[in-house]
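Some notes on the structure that comes next.
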Amino acid sequence: MAGVNKVILIGNLGADPEIKSLTSGTMVANFRMATTENRVNPSGEKTAFTEWHRIVAFGRLAEICRDYLNKGKQVYIEGRLRTRTWEDKDGNKRSTTEIVATQMQMLGAPGATGEVPDRGGRDVDIDREASPGPDEEVPF
């Protein structure tokens with residue numbers, strides 16, 4: 001039986017996307033996204049709990065993120081969870097967990113903070129786009 005690795009998030013960008021290019025020429029967009037849950041604590045007070053997520057997009061989806069997303073923009077992201085490990089310059093083992101975006105949909109009312117005109121609400125399927133090979137390092 002095959003496993004399922006699927007993540008769906010709706011939240012707001014914490015910063016403008018960072019855009020870089022892999023050695024193969026494939027574009028990569030990297031950005032942070034916050035999701036917030038409203039909870040009621042034991043004393044009955046409403047509190048907000050915010051979780052931050054690292055998002056990475058490749059190819060055409062990265063270009064769309066570059067052109068249309070900015071800090072504060074509300075987006076729907078669909079993708080898969082990935083954990084990467086590496087050694088830093090001091091030889092320490094480091095790791096990060098990120099969501100590799102396969103689809104992105106801009107949300108929010110036109111004219112809202114960070115809103116840029118939508119291109120017809122088109123989703124982009126990253127599985128049809130180029131992604132890095134197993135030996136290619138993502139530059140983030």
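The values are calculated or read from the model by the stated rules, or taken from the named source; none is laboratory data. Predicted model only: the values in this text are computed from it and were never measured. Here Cβ is always computed from backbone atoms with ideal geometry, including for glycine, and neighbour counts include all displayed protein chains.
What the table shows:
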quantity	calculated
Extreme residue, farthest from Met27 (Cα to Cα), among residues of region 50-91 that are of a type in the set (Lys, Arg) and out of contact with any Gly (no Cβ under 8 Å at 6 or more places or on another chain)	Lys89
Where a residue in region 17-35 is closer than 17 Å to Arg54 by Cα and its partner, wherever it lies, is among the β-branched types (Val, Ile, Thr), with Cβ under 6 Å and at least six apart	Lys20/Val28; Ala29/Ile19; Asn30/Val56; Phe31/Ile55; Met33/Ile55; Ala34/Thr50
Pick from region 92-104, criterion exposed (fewer than 15 other Cβ atoms within 10 Å of the Cβ) and either modelled with pLDDT under 90 or under 14 Å from Ile55 (Cα atoms) (or both), ranking: nearest to the chain's Cα centre (by Cα)	Thr97
Pick from region 28-61, criterion more than 28 Å from Thr102 (Cα to Cα) and among the basic types (Lys, Arg), ranking: surrounded by the fewest Cβ atoms within 10 Å (Cβ to Cβ)	Lys46
Odd one out for Ala62, checked against (1) at pLDDT below 95; (2) part of a helix (DSSP H, G or I)	(1)
Residues being closer than 19 Å to Ile99 by Cα and part of a strand (DSSP E or B) - total across region 65-87	13
Residue ID - nearest to Leu61 (Cα to Cα), chosen from residues in region 105-120 that are of a type in the set (A, V, I, L, M, F, W, C) and either modelled with pLDDT of 90 or more or assigned to a strand (DSSP E or B) (or both)	Met106
Of residues in region 36-59 being part of a strand (DSSP E or B) and in contact (Cβ under 8 Å) with a residue 60 or more places away in the chain, the one farthest from Gly108 (Cα to Cα)	Phe58
